[in-house]
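Student: The structure is given below, and queries will be raised subsequently.
Values quoted throughout were computed directly from the atomic coordinates according to the rules given, and no laboratory measurement underlies them. Worth saying up front: this structure is predicted, and the values here are computed from it rather than measured. FYI the Cβ positions are ideal-geometry reconstructions off the backbone, even for glycines, and counts take in every protein chain you see.
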Amino acid sequence: STNPSQQPIASAAVSTGGYVVQVSSQRNEADAQSSFRVLQGKFPSVLGSRAPLIKRADLGAKGLYYRAMVGPFGSSEEASHFCGTLKSAGGQCVVQRN
C-alpha cells in the first residue's frame, strides 16, 4: 500500500476502481475544496494526510453537486473502516463504489 502523504494532490489523478468515502457534498467545486479543508482542521488524525478527490455529480432535477471524497480504497472493508473512524471522531461520511 502507498503512503497516503505521497498521493498526488491534483484531483484529476482519480483512479477508477475500488471504493471512495464521500465526506462532503457542495454546490460548487470551490465550496467542496474548502469544506474538505475545514474537515481536515476538525479531524486532523483522520483526514490530515489525505488529499480530496472532487467528483462532479449530476443529480438531474436537483442540479450539480461537487462531492469531496477520500480514496480510492482497495476494498469496501477498507473504505468502511475509514468511514467508521471518521464517524467515531464526530464526522459524517458515505462509502461509495468509485
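Student: Between beta-carbons, use under 9 Å as the cut-off and find the net charge around Val20, counting Lys and Arg +1, Asp and Glu -1.
Tutor: +3
Student: Next question. In whole Hz, with x marking every Gly and Pro, tabulate ³J(HN,Hα) for the stretch 53-65 from phi via Karplus 6.51 cos²θ - 1.76 cosθ + 1.60, θ = phi - 60°.
Tutor: For the stretch 53-65, the Karplus curve yields 9, 9, 10, 7, 10, 8, 9, x, 4, 6, x, 8, 10 Hz.
Student: Right, another one. Going by amide H atoms built from the backbone, whose H comes under 5 Å of the H on Ser25, apart from near neighbours?
Tutor: HN-HN under 5 Å from Ser25: Ala68.
Student: Using Cα-only point scatterers and the Debye equation, what is log10 of I(q)/I(0) for the stretch 38-98 at each q in 0.12 Å⁻¹, rounded to two decimals?
Tutor: Evaluating at q = 0.12 Å⁻¹ gives log10 I(q)/I(0) of -0.32.
Student: Take every Cα pair under 8 Å in the stretch 54-95 that's 6+ residues apart, average their separations, divide by the length, and report that relative contact order as a whole percent.
Tutor: The normalised contact order for the stretch 54-95 reaches 25 percent.
Student: If you don't mind, there's one more thing I want to ask. What are the ³J(HN,Hα) values, in whole Hz, obtained from phi via the Karplus relation 6.51 cos²θ - 1.76 cosθ + 1.60 with θ = phi - 60°, for each residue of the stretch 85-97 in sequence order, with x given for Gly and Pro?
Tutor: 5, 5, 5, 5, 7, x, x, 10, 6, 9, 7, 9, 6
Student: Okay, next question. Among the lysines, select those whose C-alpha is under 20 Å from the C-alpha of Lys42, and discard any that sit fewer than 8 residues away in the same chain.
Tutor: List returned: Lys87.
Student: Let me ask you something else. What does the charge count near Ala57 come to, summing +1 for each Lys or Arg and -1 for each Asp or Glu among other residues with Cβ under 12 Å from its Cβ?
Tutor: That works out to +3.
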